[in-house]
Amino acid sequence: MMLLQNAGLFFMAILITSVIFIVDLNTESSVAMACLYIVVILYSWLLPGKFASIYTAGVCSLLTIISFILSEDMSSNPDDLTKINMVISLVVIWTSVTLVFIAKSSFSSLEGINKELSDSSDELLDKVIKLDIQQEKLSENKMELENLNKDLLVKNRELERFTSITSHDLQEPLRTIGNMIQLISQKYYTQFDDQGKKILDYVNSATDRVTIMIKGLLDFSRIGNKREIQEVDCQELVNNIVLDFDTTLTANDAAVKISDLPKVSGNPVELRLLFQNLISNGLKFRKPDVSPVVEISATEGNDYIEFCVKDNGIGIAEDDYGKIFFIFQRLHPIEEYDGTGLGLAYCRKIVELHGGKIWINSKKDFGSSFHFTLAKII
């Protein structure tokens, strides 16, 4: 279809040009007739091809020259006026083709701009469609998040009830058992044989351990309640903690090395508990006949501070990395190392409440490095 249309356009251009050429040959008004080639040049706008108007102007110029050469004026009286008429005709033709070419180029530019706008419009429409899809997904995620928040509120209320039971209903009978054991020890301890005394001591020790574990669990559940975030000078905080460990450090010939520590944004009470537990672990899980050394350093990131608490203790096997940060996960018998198994669980919860993360790099018998991140002061 396009081929037939182009063929028709070329045929009409040839027909108009031929008519003008024939009339120009048979009239004396050479300038007037030659100027009619403007019609052909204007018509060339419709012809395909960027340089169609130039080619048309070339053909029209050639026909004009031929017409002047074959005209009677040129053969009988070739004066300067005849030549001027030919020049005027050529000037008119090329002035017209220049204007047409400029107009056609401008039109092509406008078509290009229009195409770019059309493409941009299509891209914008695609983006709008994608945004609509994303908005729909966000709405679904919002509904899901609201449902999760409702579930979380229910679980928080259950946790509060559990905390209340732990602090009252469980501690009260344990306190009664402890008092009864003390009375039995005071009145009847001397009447027991060795096995009876051993059993009584075991029950007393177990009761104390359960009481400590319940208290630790209660303290763990309270971490994060009524929090106040403020600027905390970690250098000053850790120095004060080390002063509290002075007796332990002297007794074990231990040392705590502190690099320059920055200020962070956090809760001072929780951060004190965090550093205190990590330093305490470094001093407690020591190698026999080796003076414990704990090193505390910090590295600044883009919007966080990465802290490292490194020790030269007994280390932790890689298989145990996944469980040491959960409550009551002990790696050693209580006869070897005392404690509740809650220290690192405290640390994990405190770091996560501050929007950071905590991890360990360790090797059995080669010490441990605990790393955690906290938000820096911006």
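Taking the Cβ of Leu125 as the center, what net charge do the other residues with Cβ under 15 Å away carry, scoring Lys and Arg +1 and Asp and Glu -1? That sum, taken over residues with Cβ under 15 Å, equals -4. As a rough guide to protection, the peptides 344-350, 230-236, 56-62 ranked by mean Cβ packing within 10 Å, highest first, stand as 344-350, 56-62, 230-236.
Annotation: per residue accessible area for the range 246-327 equals 51 Å², rounded to a whole number [probe 1.4 Å, protein chains only].
A simple count of charges around Ile184, restricted to other residues whose Cβ falls under 12 Å of its Cβ and scoring Lys, Arg +1 and Asp, Glu -1, yields +1. Distance between the C-alpha centres of the range 94-146 and the range 167-206: 84 Å, rounded to the whole angstrom. State which entries of Lys257/Lys363; Lys155/Lys349; Lys263/Lys363; Lys284/Lys310; Lys284/Lys376; Lys198/Lys287 exceed 19 angstrom in Cα-Cα distance in the structure shown. Those over the limit are Lys257/Lys363; Lys263/Lys363; Lys284/Lys376; Lys198/Lys287.
Under a crude label model (7 Å from the Cα following the beta-carbon direction), how far is Gln195 from Glu123 in nanometres? Each label point lies 7 Å from its Cα, and together they span 9.0 nm. What FRET efficiency would be calculated for the residue pair Asn239, Thr299, taking the C-beta separation as r and a Förster radius of 25 Å, to the nearest 0.05? The computed FRET efficiency comes out at 0.80. Rounded to whole numbers, the Karplus 3J(HN,Hα) couplings from phi for the range 188-205 are 10, 4, 5, 8, 7, 7, 4, 5, x, 5, 5, 5, 5, 5, 5, 4, 4, 5 Hz, using 6.51 cos²θ - 1.76 cosθ + 1.60 with θ = phi - 60°, and x at Gly and Pro.
Highest average first, the peptides 354-365, 127-138, 305-316 ordered by how many other beta carbon atoms sit within 10 Å of their residues are 305-316, 354-365, 127-138. Over all other residues within a Cβ to Cβ distance under 14 Å of Thr373, the charged ones net out to -1, with Lys and Arg as +1 and Asp and Glu as -1.
Distances between placed amide hydrogens fall under 5 Å for Asn267 paired with Gln230, all partners being 5 or more residues away or on another chain.
The values are calculated or read from the model by the stated rules, or taken from the named source; none is laboratory data. The model shown is predicted, which means the values in this text are computed figures rather than measured ones. Backbone-built Cβ (ideal geometry, glycine too); neighbour counts: all protein chains shown. When the accessible area is computed, the model is the full protein with side chains, heavy atoms only, and any ligands, DNA or RNA have been set aside. Shrake-Rupley method; radii C 1.70, N 1.55, O 1.52, S 1.80 Å.
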